[in-house]
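Trainee: Sharing a structure with you now.
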Amino acid sequence: MPPITAPSTTSAAVAASGTGFSALGVPAPLVALLTAQQVTEPVPIQEATLPDSLAGRDVLGQGRTGSGKTLAFALPIVARLAADPMAPMRGRPRALVLVPTRELATQVAAVIEPLAAAYGMKTATVFGGVTHAAQRKAFATGVEIVVACPGRLLDHMQAGDVSLDRIEVCVLDEADHMADQGFLPMVKRILDHTPGNGQRLLFSATLAGGVDTLIDRYLTNPVSHAAGVEAPVLLEHRVIVVEEADRVEEIARMAREGRVVVFTRTKHRAKQLARKLDAIGVGAVELHGNLSQNARERNLAAFSDGTATALVATDIAARGIHVDDVPLVVHADPPVEHKAYTHRSGRTARAGAAGQVVTIATPDQVGEVRDLLRKAEVTARWEGIAVAAGSRASAPRSSAGTATSRSASSTTRRSGRPPAQRSGGSRPR
């Protein structure tokens with residue numbers, strides 16, 4: 001293992017003071033790296049979970065999207081492997097992170113890689129949509145940490161490219177989304193190939209759906225922490241009722257005012273809407289399952305750097321979009337069910353920023369949208385076409401009210417004080 005660069009004076013001072021990440025048990029070299037990136041204060045989900053995860057316990061970490069879960073599990077993975085250095089072995093990694101989307105895999109790996117590199121450890125990212133060759137080569141050269149989507153990882157397991165018999169710590173990130181997308185059978189097949197005495201960390205925005213079956217089957221006496229799940233959010237929900245012919249122009253009007261993530265139900269609709277917006281002078285790019293990985297990365301980059309002001313995406317991409325400073329999410333097509341509404345809406349109001357969520361509905365969709373918002377427990381302001389009173393689809397032209405939020409909380413299944421909100425530092429990771 002190559003020598004680790006000594007912490008800077010600032011980093012050493014942080015470690016010596018016993019505050020921030022150092023006080024939670026994060027090793028000094030990792031504290032130094034975080035300080036160099038101006039990440040000096042843990043956010044609530046990190047403060048709540050790190051003492052237990054660094055101690056080797058199984059942990060359930062629940063926090064809303066953008067709350068800092070990635071760093072909360074990246075640090076204990078690297079710290080655990082670094083505490084017991086071993087030579088890398090061909091096709092036998094020591095840590096595994098399972099995620100539901102390609103975009104999330106790339107973003108999680110970007111957080112882990114510099115931490116692992118400080119100890120000379122390598123990370124591989126495994127997902128579909130690209131050839132198997134480069135991933136197969138990475139396994140062959142020996143990697144310690146793998147960040148993977150379940151389907152492609154199973155392909156490599158079946159081909160004999162990788163064995164999970166050496167996994168010491170396994171993370172399930174966005175577990176509720178994997179449940180929503182029907183990935184749980186694949187996740188179970190993967191976990192069945194990992195050692196039963198390894199550490200398991202499960203992080204998710206919610207612990208609903210089939211997530212309980214994973215907890216009961218694979219986690220041993222887990223400690224449960226929730227932080228930032230119900231934190232007050234500066235988020236306003238609106239519904240704009242328009243005729244179908246006016247839908248695109250309404251979206252274009254909002255996109256001309258600032259960056260917006262626009263969601264559609266299908267790949268075809270995403271492609272079609274992006275082209276229509278482009279044709280009327282709105283810089284728009286698309287994001288859906290039919291794109292190559294290079295095209296997805298190129299489009300996300302264009303949206304991130306402001307070349308495009310509208311990113312038109314499908315539901316399956318909702319959890320994979322992690323772009324800061326998005327003030328507006330537009331449901332161009334109302335989602336089919338309320339969980340999708342929540343997942344889509346999580347692309348704005350991240351890391352304490354304010355945001356708006358706008359649903360575009362035609363008059364015959366008003367009843368559907370009302371049911372959707374009720375199930376999502378959201379109160380919205382209605383605007384646009386006044387629908388005939390007395391019908392099931394009736395909607396007032398303006399019904400006051402914005403999204404309501406409960407107070408912030410942090411709880412544990414075992415004893416422990418709720419972590420206090422901290423200020424300072426950079427955005428959650």
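Trainee: Hey, with R₀ at 45 Å, roughly what FRET efficiency would THR379 and ASP192 work out to, going by the Cβ-Cβ distance, to 0.05? Don't skip to the answer; put the middle values down first.
Mentor: Working: r = 44 Å, r/R0 = 0.97.
For THR379 and ASP192, the calculated efficiency is 0.55.
Trainee: While we're here: Among ALA138, PRO114, LEU81, pick out the residue whose Cα is farthest towards the positive end of the charge dipole of the range 79-143, where Lys and Arg carry +1 and Asp and Glu carry -1 on C-beta, about the Cα centre.
Mentor: Of the options given, the answer is ALA138.
Trainee: Here is a further query. For the pair GLU243/ARG166, report the inter-label distance in nm, with labels modelled 7 Å from Cα in the Cβ direction.
Mentor: 6.7 nm
Trainee: While we're on this one: Which of the residue pairs LYS122/LYS339; LYS69/LYS276; LYS69/LYS188 have a Cα-Cα distance greater than 30 Å in the structure shown? Present the calculation step by step, with values, prior to reporting the outcome.
Mentor: Details: LYS122/LYS339 36 Å; LYS69/LYS276 36 Å; LYS69/LYS188 22 Å.
Violating the 30 Å Cα-Cα cut-off are LYS122/LYS339; LYS69/LYS276.
Trainee: For TYR218, TYR341, what's the fewest-to-most ordering of other Cβ within 10 Å of each Cβ?
Mentor: Details: TYR218 20, TYR341 26.
Going from least to most buried by this count: TYR218, TYR341.
Trainee: Once fully extended, how much extra length lies between GLN37 and HIS338, figured as 0.36 nm per residue of separation less the alpha-carbon to alpha-carbon distance? List each step's numbers first, then the result.
Mentor: Working: separation 301, 0.36 × 301 = 108.36 nm, distance 3.69 nm.
Stretched out fully, the GLN37 to HIS338 stretch lengthens by 104.7 nm.
Read the figures in this text as sums done on the coordinates, not as results from a lab. Because the structure is a prediction, the values reported are computed rather than measured. Cβ sites come from the backbone with ideal geometry, for glycine too, and all protein chains shown count toward neighbours.
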